[in-house]
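Please read the structure below before turning to the comments.
Computed from the coordinates by the stated procedures, all read-outs in this text should not be read as laboratory data. The structure presented is a predicted model; accordingly, all values stated were derived computationally and were not measured. We place every Cβ from the backbone using ideal geometry, glycine too, and count neighbours over all the protein chains shown.
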Amino acid sequence: MPTDIIKDIKYVTDERGKRQEVVLSFKLWKKITEELEALREKQMILTGLKQACREVKKQERGGLPEQALGDFLDEL
């Protein structure tokens, strides 16, 4: 994390100095949540590709019937 971002993070501590909460600017919070959403979308895509690869392997072994291109496109 860049140094300028770290200095924008503030901590709320208890009487012993143990961090209890984090305070961020709205701009930083928005950036973090946007990056998190992009990562979630990437994860969904990769999970879908992984599942598709498993299904192709099952089809190659005869464990799943092949799907016609028209049927596949209809699912989209």
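Based on this model, can you work out whether ILE32 counts as under 26 Å from the mean Cα position of the chain (by Cα) and free of Cβ contacts under 8 Å to residues at least 12 places away in the same chain?
yes
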Exercise. Hey, VAL12 hits all of (1) surrounded by 10 or more Cβ atoms within 10 Å (Cβ to Cβ); (2) outside any helix (DSSP H, G or I) but one; which does it fall short on?
Worked result: (1)
Problem set entry | Pick from the range 28-76, criterion among the polar types (S, T, N, Q) and in a helix (DSSP H, G or I), ranking: surrounded by the most Cβ atoms within 10 Å (Cβ to Cβ) | GLN59
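Which ones in the range 9-51 are farther than 30 Å from LEU76 by Cβ and small (Gly, Ala, Ser)?
So in the range 9-51, the residues farther than 30 Å from LEU76 by Cβ come out as 9-32.
Once the filter is applied, which keeps residues that are farther than 30 Å from LEU76 by Cβ and small (Gly, Ala, Ser), the range 9-51 yields GLY17, SER25.
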